[in-house]
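Participant: One structure follows; several queries about it will come next.
We did not get these values from a lab; they are worked out from the coordinates using the rules stated. Values in this document were obtained by computation on a predicted structure and should not be read as measured data. Methodologically, a virtual Cβ is constructed for each residue, glycine included, from the backbone with ideal geometry; neighbour enumeration extends over all protein chains shown.
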Protein chains: 2
Amino acid sequence: MAAEPPYLELLKAVDSFPHIDISKTPYNEDERSSFYQLLLPNDPRSHGYIHPSVIQKLEWTASFQVKHTVPRTVQLLDDSDGKDTAAACSRAFYEVLEKAVNSKTYPFLKTMQWENYRIVGARYPKVQILRSAARLFGICSRGAHMTAYVRTNDGMKIWVGRRAAHLFTFPGKLDTTVAGGVRAEESPFECIVHEAAEEASIPVEFVRANAKACGAITYVAKSSDAYGDGSNLMTPVILYNYDIELPETIVPRPQDDEVEDFYLWDLEQIKKAMINREFKTNCAAVMIDFFVRHGIITEENEKDYLEILTRLHRKLPVATSAFES
Amino acid sequence: MAAEPPYLELLKAVDSFPHIDISKTPYNEDERSSFYQLLLPNDPRSHGYIHPSVIQKLEWTASFQVKHTVPRTVQLLDDSDGKDTAAACSRAFYEVLEKAVNSKTYPFLKTMQWENYRIVGARYPKVQILRSAARLFGICSRGAHMTAYVRTNDGMKIWVGRRAAHLFTFPGKLDTTVAGGVRAEESPFECIVHEAAEEASIPVEFVRANAKACGAITYVAKSSDAYGDGSNLMTPVILYNYDIELPETIVPRPQDDEVEDFYLWDLEQIKKAMINREFKTNCAAVMIDFFVRHGIITEENEKDYLEILTRLHRKLPVATSAFES
């Protein structure tokens with residue numbers, strides 16, 4: 001039997017932003033390093049925290065009111081005078097980001113032609129922002145992950161994907177069976193349904209009937225060097241988790257060019273790969289949540305059980321619930 | 001179809017202690033109301049927070065060093081000089097509590113002849129304290145809950161218990177199928193195994209083979225008036241959750257005098273009972289966690305999904321992980 005993976009250490013690599021109260025930082029810490037709250041129109045709650053380096057690098061338009069004294073804020077204004085606030089906000093983000101793309105301010109901002117994210121918990125849920133730019137504003141990223149497993153005579157086995165070698169992020173690393181960013185216009189469930197078909201050739205109707213929502217994990221990442229921006233941006237992340245039991249007759253197969261291969265592994269093989277840090281970091285966290293929900297990690301066999309559980313559900317520093325006036 | 005229960009409101013009734021940083025309170029708030037950290041020997045981490053009213057009411061022995069200036073602390077000393085620290089600590093708690101029982105200081109402290117809790121995350125895991133007294137010190141309470149469900153042709157049904165009318169706490173309220181406090185000398189799993197037999201007549205061997213650990217919920221309760229102590233004590237709580245699928249041939253039946261009856265209810269019946277506040281408050285939280293894990297509450301149907309998820313896994317203000325020197 002393989003040794004047990006260092007689960008808490010694996011989580012710390014994902015939930016890498018310090019456990020400080022970022023909303024209080026301006027009052028307690030060096031003012032120069034304090035983040036700016038992102039405020040949307042008619043809503044006092046913060047929807048993001050912007051690093052001072054980003055404040056300096058972006059060319060802010062008149063739609064944004066930037067206040068440099070504490071509490072530092074970036075207030076998005078409603079240019080539509082209440083006629084279509086969501087569209088006005090989306091347009092304001094678009095204009096600032098278009099300038100950044102054109103001036104090549106950030107290497108990871110290559111084009112405006114890409115998926116958009118919605119802003120979680122926003123009073124105007126139709127506000128959209130370029131997916132790759134969400135982290136610049138400390139806006140919450142949302143992904144959906146589905147773990148496919150098979151009950152065999154030799155116990156539970158799990159389908160693990162291997163990321164293609166040409167990918168920009170985490171090339172060649174192991175991945176959840178199916179995963180994707182949740183686009184602004186879709187729900188997490190619809191995301192999983194189409195990603196399962198596109199990435200793993202699992203029939204849409206089978207997924208629709210059998211994928212089971214089973215919670216979400218939340219963490220706050222420090223911007224990784226993989227993105228080349230250098231400074232310590234803060235990215236709150238929500239990953240919606242789905243389980244699906246596959247019969248042996250349904251075999252995930254790579255369909256697009258993002259996945260190289262799929263392996264049906266038993267728990268010992270997966271633990272070994274976790275120990276060797278072969279998983280994309282946040283996919284290890286998804287697997288840890290799966291292990292907790294399926295009685296593989298327990299209070300009895302894991303000394304940091306409670307710490308792992310609360311860390312998998314970190315309270316995010318941005319609004320995540322519906323707005324109540 | 002019944003309306004959806006106000007899940008977040010139900011959670012707030014359980015996780016009722018304010019979301020403040022209690023470790024910081026002495027520095028920011030009215031000093032008179034600030035709690036005292038409970039410190040065990042050779043460990044700088046807080047294992048509890050003691051309300052000032054408790055500091056005044058208990059007769060502290062020489063084993064406890066009480067410091068009234070901020071940061072306020074109650075330091076437990078090792079009377080054994082390192083020979084048997086756990087036994088020395090347990091004895092120190094026992095002596096203080098025995099005086100309180102004899103002088104009838106707290107109505108809920110009736111006898112020293114009762115179950116003991118261990119102190120979660122303690123460097124000396126064998127330290128024990130009277131279960132009913134843990135809340136006086138803000139020490140973490142640990143319970144184990146098991147939800148039994150049946151897959152029927154009409155969908156999932158869940159076994160719900162009705163608490164006996166004579167119980168001191170929450171008489172007549174609905175309860176998880178099986179639940180109990182985790183005694184110092186047992187694991188959460190062993191707790192569930194014997195409680196399932198004692199409370200619900202579910203065969204021990206069936207539980208041992210089929211109960212599945214699936215995480216834990218954590219919350220911080222404000223001491224309820226049900227206990228008659230009046231002041232706002234803080235009680236961190238961990239409830240370890242287990243699921244078990246029962247065949248229709250195994251029917252839970254009351255065995256001891258704590259449960260009046262069991263009902264096999266469909267989801268609509270359970271939701272209706274939640275709306276009517278018929279569940280013991282923390283059992284509603286366990287049910288909500290079950291609903292999340294089983295895809296009954298989802299991002300798509302619950303506007304406060306994220307808030308509910310993080311609130312079900314509140315970071316506790318006391319040490320919960322193994323001690324690392």
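Participant: So, in nm, how far is label residue A:208 from label residue A:266 when the simple model puts each one 7 Å beyond its Cα toward the Cβ?
Facilitator: So the label points at residue A:208 and residue A:266 sit 3.7 nm apart.
Participant: Say we join alpha carbon atoms closer than 10 Å with springs in a Gaussian network model of chain B; which of B:102, B:301, B:210 then has the biggest fluctuation?
Facilitator: B:301
Participant: Roughly how crowded by other chains is peptide A:287-298, in terms of the mean Cβ count from those chains within 10 Å of each of its Cβ atoms?
Facilitator: Per residue, the number of nearby Cβ atoms from other chains is 3 on average.
Participant: Test of understanding: express the Cα radius of gyration of region B:20-179 as a ratio to 2.2 N^0.38 Å, with N the residue count.
Facilitator: Working it through for region B:20-179, the quotient is 1.28.
Participant: Something else about it: Within region B:4-25, what residues put their amide N at less than 19 Å from the label point 7 Å along the Cα-to-Cβ vector of residue B:168?
Facilitator: none
Participant: Hey, another quick one. Hey, what number do you get for chain B at 222 nm if only DSSP H runs of n ≥ 4 count, each worth -39500 (n - 2.57), divided across all residues, to the nearest 500?
Facilitator: Using -39500 (n - 2.57) per qualifying helix, the result is -7500 deg cm²/dmol.
Participant: Hey, got a sec? Which chymotrypsin sites (Phe, Trp or Tyr not before Pro) in region B:80-157 land in a DSSP loop and have at most 13 other Cβ atoms within 10 Å?
Facilitator: Here the chymotrypsin sites (Phe, Trp or Tyr not before Pro) that fit, given the DSSP loop and packing criteria, are B:114.
Participant: Shifting gears a bit: Note the distances from residue B:261 to each other copy's matching label point, with points 7 Å along the Cα-to-beta-carbon direction, in nm, sorted shortest first.
Facilitator: Ordered by increasing distance: 6.0 nm.
Participant: Suppose you put the label 7 Å out from Cα in the Cβ direction; list, shortest first and in nm with one decimal, how far residue A:55 is from each other copy's label.
Facilitator: 3.9
Participant: Additional query: Using a simple spin-label model with points 7 Å from Cα along the Cα→Cβ vector, what separation in nm is obtained for residue B:80 and residue B:110?
Facilitator: 3.2 nm
Participant: Right, next: Among B:128, B:37, B:269, whose mean-square fluctuation peaks in a Gaussian network model of chain B (Cα, cutoff 10 Å)?
Facilitator: With Cα springs under 10 Å in chain B, the top fluctuation among B:128, B:37, B:269 is at B:269.
Participant: Something else: How big is the antiparallel share of DSSP beta bridges in chain A, given as a percent to the nearest 5?
Facilitator: 70 percent
Participant: Still on this structure, please answer the following. Determine by what factor the alpha-carbon radius of gyration of chain A differs from 2.2 N^0.38 Å, reporting the quotient.
Facilitator: Relative to the rule-of-thumb radius for its length, chain A sits at 1.03.
Participant: Just the number, please: percent antiparallel of the DSSP beta bridges in the protein assembly as shown, rounded to the nearest 5.
Facilitator: Antiparallel: roughly 70 percent of the beta bridges in the protein assembly as shown.
Participant: Over the alpha-carbon set of region A:160-221, work out the extent along each principal axis and list the three values in angstrom, largest first.
Facilitator: Computed over region A:160-221, the largest-to-smallest principal extents equal 32, 29, 22 Å.
Participant: Now, a different point. Among B:121, B:87, B:11, whose Cα sits farthest toward the positive end of the charge dipole of chain B (+1 at Cβ of Lys/Arg, -1 at Cβ of Asp/Glu, about the Cα centre)?
Facilitator: Of the candidates, B:87 comes out farthest on the positive side.
Participant: Moving to a separate point now. Mean Kyte-Doolittle hydropathy of -0.5 or higher plus an axial Cα length of 18 Å or more: which whole DSSP H helices in chain A meet both?
Facilitator: A:85-102, A:281-293
Participant: With chain A treated as a Gaussian network of Cα nodes joined by springs under 10 Å, which of A:152, A:249, A:281 yields the largest mean-square fluctuation?
Facilitator: Sorting by GNM fluctuation, first place goes to A:249.
Participant: Now for a separate question. Once label points are set 7 Å from the Cα along Cα→Cβ at both residue B:57 and residue B:303, what is their separation, rounded to one decimal in nm?
Facilitator: The two pseudo-label positions are separated by 4.1 nm.
Participant: Another one. Among the residues of chain A, which one places its Cβ closest to the rotation axis that maps chain A onto chain B, and what is that distance in whole Å?
Facilitator: In residue-and-Å form, the answer is A:313, 2.
Participant: Shifting gears a bit: On a C-alpha basis, how far is the centre of region A:57-117 from the centre of region A:289-320 in Å? Whole number, if you could?
Facilitator: Comparing the Cα centres of region A:57-117 and region A:289-320, I get a distance of 35 Å.
Participant: What lysines does residue A:126 reach when the alpha-carbon gap must be under 26 Å and sequence neighbours fewer than 8 apart in one chain are set aside?
Facilitator: A:67, A:83, A:99, A:110, A:315, B:303
Participant: For the protein assembly as shown, what Kirkwood radius comes out of the mean inverse Cα-Cα distance, in Å?
Facilitator: 26.6 Å
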